[in-house]
Amino acid sequence: MPPVVLVHGIRVSATMWDPVVSRLDRPATAVDLPGHGVRRGEPFSMEGATSAVAAAIDSLGGRALVVGLSLGGYVGIATAERFPGRVAGLVAMGCTARSASAVRVYRIAAALAARDPSFANRLSSYALRRLLPGPSGAAMVAGGLSCEVMPQVVEAVAGHDQLAALAAYPGRVWLVNGARDPFRADERDFLRACRNGRLILLPGRGHLGVMAAPGPLARLLGDLSDLSDLSDLSDLHDRTGGAAGRLPGQVDRPESAVATPSPR
């Protein structure tokens, strides 16, 4: 039963995971990446981000399931590549887009945010609270927002080959996407790159919609943590009848497990 390390999205902080961490039935911690939360003002790099995740893993005993959403998912992929022995399994959520058009959109948004970070932070806070009413939205903004770091983040993610990283990692990977998430555009390429991967789709959910149900999400992550050391992907269905930690409307794709990396 490996512990869980959770990695936040762009401009938010570790507090976004508070509602999930409080519901997990095992040791867990969420980490602030460089330039975010308590590390606001520090430069962001993929090396610094993966080192932060590795330090969090070490604080829980040296091996953990790594869970990341959006930027956190990309950082989780890079951590699995750099520190495969420490990553018992990887849950990469909302981070399967790598096309030039997606990068271009994010570069424009990041540049606009960095021109007036205070205004961008206020606008982001309002939007996140509207999108996720109640405790989940409050957790998103509780640690402060850091729109000024967005250009550095976008360049770091754009400069990392996620498909090569997934192909290099021998452990289990679960790609979790909301069916309405525009960042699932290249999910099949990401899945083909995994040595031991599975795709989980959440009908009706958008990019951040999964965070609206922290209880079911915590149960899902607990089940995946239990399974991360097992060798056969079919164990998920064998042990639970396909219902392990199921979120409302979840579609689990067992036929998505593949062993052949995609061409790069």
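Return a whole-number percent for the relative contact order of the chain, with Cα pairs under 8 Å and 6 or more residues apart as the contact set.
Averaging sequence separation for qualifying contacts and normalising by length gives 21 percent for the chain.
Could you pull the Cα extents of region 16-57 along its three principal axes, largest to smallest, in whole Å?
Largest first, region 16-57 extends 33, 18, 12 Å along its Cα principal axes.
Whole angstrom only: what separates the Cα centroid of region 160-177 from the Cα centroid of region 3-25?
Measuring centre to centre over Cα atoms gives 20 Å.
Suppose every K and R has +1 on its Cβ and every D and E has -1 on its Cβ; what is the size of the dipole of region 4-256 about the Cα centre, in Debye to the nearest 20?
That gives a dipole near 580 debye.
Based solely on its DSSP helices, what 222 nm [θ] is calculated for the chain when runs of n ≥ 4 H residues each add -39,500 (n - 2.57) and the sum is averaged over all residues, nearest 500 deg cm²/dmol?
Value at 222 nm, helices only, nearest 500: -12500 deg cm²/dmol.
Given the alpha-carbon gyration tensor of the chain, what are the semi-axes of its equivalent ellipsoid in whole angstrom, ordered largest first, with each equal to the square root of 5 times an eigenvalue?
Equivalent-ellipsoid dimensions as semi-axes: 26, 20, 18 Å.
Computed from the coordinates by the stated procedures, all read-outs in this text should not be read as laboratory data. This one's a predicted model, so the numbers in the text were calculated from it and none came from an experiment. Counting neighbours? That spans all protein chains shown, and the Cβs are built from the backbone with ideal geometry, glycine included.
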